[in-house]
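So the structure is just underneath, and the comments pick up after that.
The values are calculated or read from the model by the stated rules, or taken from the named source; none is laboratory data. The model shown is predicted, which means the values in this text are computed figures rather than measured ones. Backbone-built Cβ (ideal geometry, glycine too); neighbour counts: all protein chains shown.
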Amino acid sequence: MIATENKASIKGGEFLIKETSAHQVFIPEEFTEEQQMIAATCREFLEREIWPRVEEIDKAESPALISSLMDKAGELGLLGTGVPEEYGGFGMNFNTSMLVAEVTGAGHSFSVALSAHTGIGTLPIVYYGNEDQKSRYLPKLASGEWKSAYCLTEPDSGSDANSGKTKAVLTEDGTHYVLNGQKMWITNGGFADVFIVFAKIDDGTGKLDKNLSAFIVERSYEGITMNEPEHKMGIKGSDTRQVFFTDCKVPVANLLSDRGNGFKIAVNILNIGRIKLGVATIGGAKEVINNAIRYSNERRQFNTLISTFGAIKHKLAEMAVKVYASETASYRAGQNIDDMIEDLKGSGMNDAEAKLKALEQFAIECAIMKVHGSEALDYVVDEGVQVYGGMGYSADAPMDRSYRDARINRIFEGTNEINRMLVVDMILKRAMKGELDLMGPAMAVGKEIMSIPDFSTDEEEGIFIAEKKVIRNLKKAVLMVAGSAVQKFMMKFSEEQEILMNLADMAIETYVAESVLLRVEKLIGIRGEAALELQKDLAMCYLHEAVEKVANAGRSAITSYAEGDELRVMLMGLKRFTKIEPMNLKNARRRIAEAMIAENKYIF
């Protein structure tokens with residue numbers, strides 16, 4: 001593999017072809033006292049204002065309750081985390097805003113309203129607004145005086161956002177755009193004061209622009225109507241509506257960025273939304289684990305606490321393993337984004353441009369963490385219901401709400417299927433542009449699988465030597481399958497969605513497994529190995545599961561297109577690249593679970 005790189009030179013997607021050392025990654029244990037105080041403030045807000053009222057929030061017949069809670073969040077500054085200080089916000093760096101998203105992610109319906117406002121509802125103006133737009137809107141959005149919503153999805157355009165039919169026509173006097181169209185699934189629609197609306201501009205002859213444009217639309221403008229709140233499976237307290245624009249006149253000064261730049265705005269803002277959603281699911285998952293542990297320490301069967309049963313310990317440990325790993329990879333990616341922002345600003349780029357460039361650079365990792373976090377949460381809530389048994393199915397117990405609320409996250413911010421395909425698509429496009437050197441490493445792997453295996457023992461010294469070799473081999477497995485699939489299908493590869501998703505799973509598991517190993521290695525360097533036995537257990541459990549998943553996904557991909565000698569050679573290569581020394585995972589899981597059971601909470 002290629003030698004390790006300095007932080008500032010790390011690029012998105014390069015984890016597949018370059019090794020990262022432990023000192024290069026940020027780990028949650030490095031959050032400063034100030035950042036930890038911010039997290040504590042968020043948690044106290046949930047404990048005081050949200051959790052005692054979750055039932056009331058879900059049953060509210062009007063958006064007034066959520067809106068009033070948003071006001072209280074604004075008083076604490078929670079709505080201005082990503083707004084620059086000169087516009088009334090806190091101007092937090094990216095990883096700090098991620099920490100806020102994680103903690104508040106345990107807020108059920110409220111967290112959806114909060115994230116929609118602070119993320120997709122506000123950040124388009126932060127990153128793309130001109131000085132007049134920023135000074136007019138951002139102070140009110142940061143304080144909570146005004147709430148925001150994001151209007152992209154339409155009845156016939158979901159994942160294919162650029163196919164939207166909402167149109168904007170410039171008036172004859174050139175002072176306004178007249179909007180006509182329908183938007184759906186609009187979070188905060190019932191109480192938002194400002195809407196970020198995407199539409200295609202009509203030149204007046206009925207011909208629409210190829211790409212969307214974006215507009216800042218105030219609720220006070222005439223021609224805005226909406227239906228009643230949608231009835232949803234979960235996040236019932238989140239105000240979600242269809243919004244209609246009928247001859248709605250928007251001043252030309254409210255065109256956001258340039259004409260036709262709306263699709264780019266949508267894509268870049270969704271990058272932020274994806275990784276923020278990924279880390280928010282971790283906050284929700286940790287609270288589910290807390291509830292499951294507490295219940296297992298109270299519930300008796302056969303005159304015995306169920307927390308003493310091996311089957312329950314297995315579940316609790318697996319929940320912790322997935323959450324710990326997802327959290328780790330999220331903040332690794334978040335810090336990469338922060339580092340690149342500072343690097344770009346140091347080279348003379350302004351703050352907004354630097355942030356957009358950095359987020360675009362790590363769009364692959366943003367998509368990875370959206371998928372991984374949402375699926376980790378789904379696993380956790382499902383097992384949480386199972387730990388509760390019959391009570392898990394009762395609406396009087398907390399797992400009912402957690403289970404229903406979690407499901408939307410695999411659809412929000414682009415479905416997980418779309419995000420999986422985006423991961424591979426972005427990697428391959430960067431390779432074709434010469435931004436990622438996949439060809440060289442892929443060719444080297446091709447030669448390796450035709451050669452005699454290296455049976456020499458490792459002579460390196462340090463922590464996780466054998467495990468790092470496993471990670472290197474997982475990367476080779478990804479490169480082997482990707483290289484052969486591209487050669488097989490060429491320009492039609494994008495039509496092979498099943499194989500694309502297999503490859504995405506291989507890349508996702510490799511990235512997360514490497515991240516968790518690096519976190520524990522860095523912690524051991526700080527605290528010593530003796531103090532990190534449980535974290536080593538977490539890392540090893542995850543690594544073994546990742547190897548199995550990569551092997552299964554790789555086998556599924558290879559058998560989808562290879563035949564004869566090619567099939568035989570590739571399966572042999574995959575077997576070589578997905579080897580790992582067996583260990584007693586049962587005992588590792590028991591140690592993890594028993595430590596949490598003793599503390600009666602998630603402790604990592």
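Being in a helix (DSSP H, G or I), touching a strand residue (DSSP E or B) at 6+ places or on another chain (Cβ under 7 Å) and either within 14 Å of Phe195 (Cα to Cα) or not aliphatic (A, V, I, L, M) (or both): is that true of Ala149 here?
So Ala149 fails the test.
Could you list, in sequence order, all residues of the stretch 198-250 that are acidic (Asp, Glu) and touching a Phe, Trp or Tyr at 6+ places or on another chain (Cβ under 9 Å)?
Glu218, Glu230, Asp239, listed by residue number.
Restricting the search to the stretch 245-266, which residues are part of a strand (DSSP E or B) and crowded, with 18+ Cβ neighbours inside 10 Å?
Matches in the stretch 245-266: Phe245, Cys248, Val250, Leu255, Leu256.
Take the conditions farther than 23 Å from Tyr602 by Cβ, out of contact with any His (no Cβ under 8 Å at 6 or more places or on another chain) and not aliphatic (A, V, I, L, M) and apply them to Gly414. Does it pass?
Here the answer is yes, as Gly414 does meet what is asked.
Could you check how many residues of the stretch 58-98 are out of contact with any helix residue (DSSP H, G or I) (no Cβ under 7 Å at 6 or more places or on another chain), free of Cβ contacts under 8 Å to residues at least 40 places away in the same chain and polar (S, T, N, Q)?
Selection size over the stretch 58-98: 1.
Among the candidates Met391, Met399, which residue alone is surrounded by fewer than 23 Cβ atoms within 10 Å (Cβ to Cβ) and in contact (Cβ under 8 Å) with a residue 40 or more places away in the chain?
None of the other options fit; the residue is Met391.
Scan the stretch 215-235 for residues that are surrounded by fewer than 20 Cβ atoms within 10 Å (Cβ to Cβ) and in a loop (DSSP other than H, G, I, E, B) and jot them down.
Arg219, Ser220, Tyr221, Glu222, Gly223, Asn227, Glu228, Pro229, Glu230, His231, Lys232, Met233
Considering only residues that are closer than 26 Å to Lys355 by Cα and charged (D, E, K, R), look in the stretch 146-174 and name the one that is surrounded by the most Cβ atoms within 10 Å (Cβ to Cβ).
Selected residue: Lys147.
Could you tell me whether any residue of the stretch 76-84 is part of a helix (DSSP H, G or I) and of a type outside the set (Val, Ile, Thr)?
Checking the stretch 76-84: not a single residue is part of a helix (DSSP H, G or I) and of a type outside the set (Val, Ile, Thr).
Given the options Thr104, Thr41, Thr81, name the one that is among the β-branched types (Val, Ile, Thr) and modelled with pLDDT under 95.
From the options Thr104, Thr41, Thr81, the qualifying one is Thr81.
Given the criteria crowded, with 19+ Cβ neighbours inside 10 Å, in contact (Cβ under 8 Å) with a residue 60 or more places away in the chain and assigned to a helix (DSSP H, G or I), does Ala101 qualify?
So Ala101 passes the test.
I'm trying to understand the selection: among the residues of the stretch 185-214, which are aliphatic (A, V, I, L, M) and either assigned by TED's automatic domain parsing to the domain that holds Ile66 or surrounded by 20 or more Cβ atoms within 10 Å (Cβ to Cβ) (or both)?
Ile186, Ala192, Val194, Ile196, Val197, Ala199, Ile201, Leu212, Ala214
For the stretch 536-550, does any single residue satisfy the condition of being buried (at least 21 other Cβ atoms within 10 Å of the Cβ) and touching a Ser or Thr at 6+ places or on another chain (Cβ under 6 Å)?
Yes, the conditions are met somewhere in the stretch 536-550.
Output the residues belonging to the stretch 567-590 that are without any contact (Cβ under 8 Å) to a residue 40 or more places away in the chain and surrounded by 12 or more Cβ atoms within 10 Å (Cβ to Cβ).
Leu567, Leu571, Lys575
If Arg401 satisfies every condition in (1) modelled with pLDDT of 95 or more; (2) in contact with a helix residue (DSSP H, G or I) (Cβ under 6 Å, 6 or more places away or on another chain) but one, which is the exception?
It fails just one condition, (2).
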